[in-house]
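Asks: Let me begin by handing over the structure; questions about it come next.
The values are calculated or read from the model by the stated rules, or taken from the named source; none is laboratory data. What you see is a predicted model, and the numbers here were worked out from it, not measured in a lab. Please note: Cβ atoms are built from the backbone with ideal geometry, for glycine as well, and neighbour counts cover all protein chains shown. Surface areas here come from the heavy atoms of the whole protein model, side chains and all, with no ligands, DNA or RNA. Shrake-Rupley method; radii C 1.70, N 1.55, O 1.52, S 1.80 Å.
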Amino acid sequence: MTNTDNGFSATRRLILQGAGAVALVGLGSSFGNLPFGLAPAFAAANDKYPEEAFKQKTEADAIKSLYGKTAEASDKVKMDAPEIAENGAVVPVSVTTTLADVTSISFLVAENPVALVASYKIPAGTMPNVANRIKMAKTSNVIVVVEAGGKLYSATKEVKVTVGGCGG
């Protein structure tokens, strides 16, 4: 890290410049004029909200409603979640994958009142890494489903909850 004459580090200055650039991109997109050819990155915002999938009570029904097919377990889908969550209201879960052509990633919790917790569309050319803090009602399996190349792949991990997060 190098220092300038006024005591600010060059790294801090670069971060501030980057934040300013991101703000300008956001400002440009709010006026419908997307600079630097960023239109594909915002294409996922136009997809229809999967309302029926978010109403399903079981993970199998939610996956069927969201994708229309079932997922197969894969060691190419890596989920990072705690074995024990001290507070079910904020359980950190992340997923990465080495699969090519990933188009969506979804998080489900088997024992929640509504199984589907989050679903993300992944634009082409984007690294398929997603992290989220989810709510869990009680100890349950957390399932991550990755859609890649028209097929569904999944990873599952049991997370023990000591204090409930969905009304518990």
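Asks: Grab the strands (runs of 3 or more DSSP E) fully contained in region 44-137, keeping just those with 3 or more residues being farther than 13 Å from Ser154 by Cα, hydrophobic (A, V, I, L, M, F, W, C) and more than 18 Å from the chain's Cα centre (by Cα).
Replies: No strands (runs of 3 or more DSSP E) qualify here.
Asks: Residues being more than 16 Å from Lys48 (Cα to Cα), among the aliphatic types (A, V, I, L, M) and touching a Ser or Thr at 6+ places or on another chain (Cβ under 8 Å): count how many of those fall in region 103-115.
Replies: Initial filter on region 103-115 (more than 16 Å from Lys48 (Cα to Cα)): 107-115.
So of that shortlist, the ones also among the aliphatic types (A, V, I, L, M) come out as 108-110, 114-115.
Next, only the ones that are touching a Ser or Thr at 6+ places or on another chain (Cβ under 8 Å) stay: 109-110, 115.
Counting residues in region 103-115 that are more than 16 Å from Lys48 (Cα to Cα), among the aliphatic types (A, V, I, L, M) and touching a Ser or Thr at 6+ places or on another chain (Cβ under 8 Å) gives 3.
Asks: Moving to a separate point now. Return yes when Thr126 is surrounded by 13 or more Cβ atoms within 10 Å (Cβ to Cβ) and modelled with pLDDT under 95 and no when it is not.
Replies: Taking the combined requirement at face value, the residue satisfies it.
Asks: OK, next. Just to check your reading of the model, which residue among Thr156, Thr96 is modelled with pLDDT of 95 or more, in contact with a Lys or Arg (Cβ under 8 Å, 6 or more places away or on another chain) and open to solvent by 40 Å² or more (accessible area, probe 1.4 Å)?
Replies: Thr96
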